[in-house]
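The values are calculated or read from the model by the stated rules, or taken from the named source; none is laboratory data. The structure displayed is predicted, hence computed values, not measured ones. In this analysis, Cβ positions are derived from the backbone assuming ideal geometry, glycine residues included, and neighbour counts consider all displayed protein chains. Only protein heavy atoms, including side chains, enter the accessible area calculation; ligands, DNA and RNA are left aside. Shrake-Rupley method; radii C 1.70, N 1.55, O 1.52, S 1.80 Å.
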Amino acid sequence: MRKKVIAGNWKMNNDVNGTVNLISEIKKELNAKSQKADIIVCPPFTNLETAYALVKDSTIKLGAQNMYFEESGAFTGEISPSMLKSTGCEFVILGHSERRTIFHETDQTINKKIKTAVKHGLKPIFCIGETLEEREKGITFKVIETQVRNGLEGLTQSELSDMIIAYEPVWAIGTGRNATPQQAQEVHQFIRGLVAKLYNQGFADQLVIQYGGSVKPDNAKELLSQPDIDGALVGGACLKADLFVKIIDAA
Ligand code: PGA
């Protein structure tokens, strides 16, 4: 049985004080029901240390939102995997659609990042998803397949044993328009099948595939009850402790 994993992608929100407040509130809201899911928070880089101090004695795990693929050197403004590890980070979101579109990250860049992350023992949350135009053209599966093949190129099953894949249709991110449970399930099933083909069925069966894109307390339960949806990557709703914990409880 795959455990449900709920991750909060804070994006560029909250300073140090905001981080203390939000994590403290999340911890207060968590209850016995919440303990059945794995919980990850992904604050901005500057707040990781503060966040770690607050989560280390709890069941909440820490993730970053991005990382560079080199280990050190003249890369002004970038953050390395060992820097993340040293703050207490266990996970790192890679390939988010905002990184792909606003910061021009390609499948090849993301592949390098996944390789460096796993080499340093960071668990990637590898994001993929089609745009509205691609969905309307009927090429969703083709786009997803290309992103998965390119993103995971050259990586072995044992390197990817702790990877999470997050399916996030770009048209559903921050729009209030979530994929229907059926639309999401269909793509999740496709991803699992593809991973089985690229690796093997056993690996595909234990792979956690999260859905992301306008997940809210009122749609979480139905999305998370689909057989191939193993959790959620939550943006907007993770910035309010009560909403985030309601989504965790729905899992
Ligand atoms: P959203 O963001 O929940 O605000 O749609 C999800 C994400 O970008 O991971």
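Of note:
- The criterion of at least 3 residues that are within 13 Å of the ligand (Cβ to nearest atom) and of a type in the set (A, V, I, L, M, F, W, C) is met by the following helices (runs of 4 or more DSSP H) wholly inside region 161-251: 241-250.
Okay, residues lined up against (1) in contact (Cβ under 8 Å) with a residue 60 or more places away in the chain; (2) in contact with a Leu (Cβ under 9 Å, 6 or more places away or on another chain); (3) open to solvent by 20 Å² or more (accessible area, probe 1.4 Å):
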residue	(1), (2), (3)
Phe103	no, no, yes
Lys115	no, yes, yes
Val118	no, yes, yes
Gly121	no, no, yes
Phe126	no, yes, no
Gly129	yes, no, no
Gly138	no, no, yes
Glu145	no, yes, yes
Val148	no, yes, no
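- Of all residues in region 5-43, those satisfying the criterion of being away from the ligand (no atom under 14 Å from the Cβ), in contact (Cβ under 8 Å) with a residue 60 or more places away in the chain and of a type in the set (Lys, Arg) are Lys28, Lys33, Lys36.
- Lys112 more than 30 Å from Ser58 (Cα to Cα) and modelled with pLDDT of 95 or more: yes
- Scope region 61-85; condition outside any loop (DSSP other than H, G, I, E, B), over 30 Å from Lys221 (Cα atoms) and either open to solvent by less than 60 Å² (accessible area, probe 1.4 Å) or at pLDDT below 95 (or both); matching residues: Pro81, Ser82, Leu84
- Total residues in region 94-118, condition within 18 Å of Ser161 (Cβ to Cβ) and not in a helix (DSSP H, G or I): 1
- Hits in region 164-177 (condition: surrounded by 24 or more Cβ atoms within 10 Å (Cβ to Cβ) and not aliphatic (A, V, I, L, M)): Tyr167, Glu168, Pro169
- Counting the residues of region 26-60 that are assigned to a helix (DSSP H, G or I), in contact with a Phe, Trp or Tyr (Cβ under 9 Å, 6 or more places away or on another chain) and open to solvent by 20 Å² or more (accessible area, probe 1.4 Å) gives 1.
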